[in-house]
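The values are calculated or read from the model by the stated rules, or taken from the named source; none is laboratory data. From a predicted model like this one, the values you see are computed outputs, not experimental measurements. Heads up, the Cβs are rebuilt from the backbone with ideal geometry, glycines too, and the neighbour counts pull from every protein chain shown.
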Amino acid sequence: MAESLRILDELIVHTGKRKNRFEDLLKTPLADDPDWFFLLPPFFNDALDIKLTERMVEKTSILVWTQGSAFSFQDGDVLYPKSKVYETVWGEAFREMEFCLQVTQAESAEPEERDKKRNPGSVKFRKILFEEESDKAIQQMVQDEMTQDDFVHLLITGKNIRGK
């Protein structure tokens, strides 16, 4: 988790003098990261701005996984915290889950450019609570809002860092 947080910090505070895409990644692109609080399978790579990028190595073009900071979680994304429930069948897992997050509105982050400051974007989401030992969801009406950057931090740690 500490390494992911270090990379996140570097991505969002670097001065446009460095390249926009890094080879240090927030998470493994082809698997879920065991240190993150939330489960983010590979289909969230685009939202985390993890992409295969063409690079030249010794005059040969190769594809390399790279990390950018144009985070883009979107309306309808649903994220589940990790727990032993992912080792079971979905119906059983659902009964053991306490909550999930659902993105209800979002604006993508935009990296810093020479003449433009970084836009950290925004994410509005709601926490959906589940009844214990039931397959019913109780939707909490209180929504939360934060930047895409802070949302990624929340997904890594499980903690809201508002007021940082």
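Overview of results
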read-out: Evaluation of Ala47 against (1) within 18 Å of Thr147 (Cβ to Cβ); (2) touching a Leu at 6+ places or on another chain (Cβ under 7 Å); (3) at pLDDT 95 or above (one fails), failing number; value: (2)
read-out: Among (1) more than 21 Å from Asp24 (Cβ to Cβ); (2) modelled with pLDDT of 85 or more; (3) part of a loop (DSSP other than H, G, I, E, B), the one test that Ala70 misses; value: (1)
read-out: Criterion violated by Gly76 - all others in (1) at positive phi; (2) at pLDDT below 90 satisfied; value: (2)
read-out: Residue in the stretch 31-39 that is within 19 Å of Gln148 (Cβ to Cβ), modelled with pLDDT of 90 or more, within 18 Å of the chain's Cα centre (by Cα) and part of a loop (DSSP other than H, G, I, E, B) present; value: yes
read-out: Members of the stretch 1-20 that are surrounded by 13 or more Cβ atoms within 10 Å (Cβ to Cβ) and either modelled with pLDDT of 85 or more or hydrophobic (A, V, I, L, M, F, W, C) (or both); value: Met1, Glu3, Ser4, Leu5, Ile7, Leu8, Glu10, Leu11, Ile12
read-out: The stretch 46-63, subset surrounded by 13 or more Cβ atoms within 10 Å (Cβ to Cβ) and aliphatic (A, V, I, L, M), residue nearest to Asn20 (Cα to Cα); value: Ile50
